[in-house]
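Read the figures in this text as sums done on the coordinates, not as results from a lab. Keep in mind the model is a prediction, meaning the values are calculated, not measured. Cβ placement follows ideal geometry from the backbone for every residue including glycine, while neighbour counts extend to all protein chains displayed.
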Amino acid sequence: MTVGIVQFGGSNCDRDTLVALETLGIDAQLVWHRDGLPAETTGVLLPGGFSYGDYLRAGAMAAQSPIMSEVRTVAADGVPVLGICNGAQIGCESSLTPGAFTTNQTARFKCEHVYLRVENADTPWTSQYHHGEVLEFPIAHGEGRFEIENDHLNRLEADDRILLRYCDSEGAVTEEANPNGSKRGVAGITGREDHIAVMMPHPERVCLSDVGPTDGRGVLRGFAH
């Protein structure tokens, strides 16, 4: 089992995710986007960063890389795929998941810890938690506001495809707890199948017990299913 962590020019959370996965006993390797996915790939992680300097809009250029066609192909075959932060933007731009992540409501870069409420605990990425559980993850983004047409969002909610929502420490989804203006507080969603997911907060930054909390471990353990 090998999780391929796809590197683009401007990726900067690739090594963080590599260390986090290895700490959990999950085999992983860095994959330069021009080299394509290794034959033994059993999972794909699209890491955070600023691929192509967020030129045009975050994730737009990386989504055109030929490796993303491979990612879509293996995803269709049931290989788990997770996009984090810039990886979430790439995932949406590549139509792995619907909607878009766009400029924060304040138009300012946000770098802080936030609270998240688990909305669906019946996915590979959230099965280590329980429904309604409150987690604390860091964010670091300038284009993290989730946007989608209301009828499509209604469908996502009806299909239980909302993974996480921004909330306060008690689990209440409020405007004040929403760091970027994401519609209905959405912080992460799944694709048509729940083995595909994208999220703006960084689970890999809350995995190492010697440097802080470990709330993010459950998300990355999704690759072990």
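Please compute the contact order of region 2-224 in relative form: average sequence separation of alpha-carbon pairs under 8 Å and at least six residues apart, divided by the residue count, as a percent. Write out the running numbers ahead of the final one.
Details: 529 pairs, mean separation 45.4, N = 223.
That works out to 20 percent.
The stretch between Phe109 and His152, if pulled fully straight at 0.36 nm per residue, gains 12.8 nm over its current Cα-Cα span.
Around Cys207, under 15 Å between beta carbons, what's the net of Lys plus Arg minus Asp minus Glu among the other residues?
It works out to a net charge of -3.
Out of Asp210, Asp14, Asp168, any idea which swings most in a Gaussian network model of the chain, alpha carbons joined below 10 Å? In the Gaussian network model the winner is Asp210.
Springs join every pair of Cα atoms under 10 Å in this Gaussian network model of the chain, and among Phe109, Phe146, Phe50 the largest mean-square fluctuation is at Phe109.
Computed about its Cα centre, the charge dipole of the chain is approximately 400 debye, with only Lys, Arg, Asp and Glu carrying charge at their Cβ.
Work through the residues other than Glu147 whose Cβ is under 11 Å from its Cβ and net out their charges, Lys, Arg +1 and Asp, Glu -1. If you can, show how the numbers build up before the last one.
Numbers: positive: Arg145, Lys183, Arg184; negative: Glu143, Glu149.
In short, +1.
With springs connecting C-alpha atoms under 10 Å apart, model the chain as a Gaussian network and identify which of Ile84, Ile67, Ile189 has the largest mean-square fluctuation. Maximum fluctuation in the GNM of the chain, among the listed residues, is at Ile67. Counting every pair of alpha carbons in region 58-119, the share spaced more than 20 Å apart comes to 36 percent.
Arrange Tyr129, Tyr55, Tyr115 by Cβ neighbour counts within 10 Å, fewest through most, would you?
Values: Tyr129 20, Tyr55 12, Tyr115 23.
If I rank by nearby Cβ atoms, fewest first, I get Tyr55, Tyr129, Tyr115.
Which is the longest run of the chain containing none of the trypsin sites (Lys or Arg not before Pro) found in DSSP loop states (not H, G, I, E, B) with at most 15 other C-beta atoms within 10 Å? All intermediate terms of the calculation are to be shown ahead of the outcome.
Numbers: sites that count: Arg57, Arg108, Arg192.
Result, exposed sites excluded: 109-191.
In plain terms, the residue of Leu30, Leu56 with the fewest other Cβ atoms within 10 Å comes first and the most crowded comes last, giving Leu56, Leu30.
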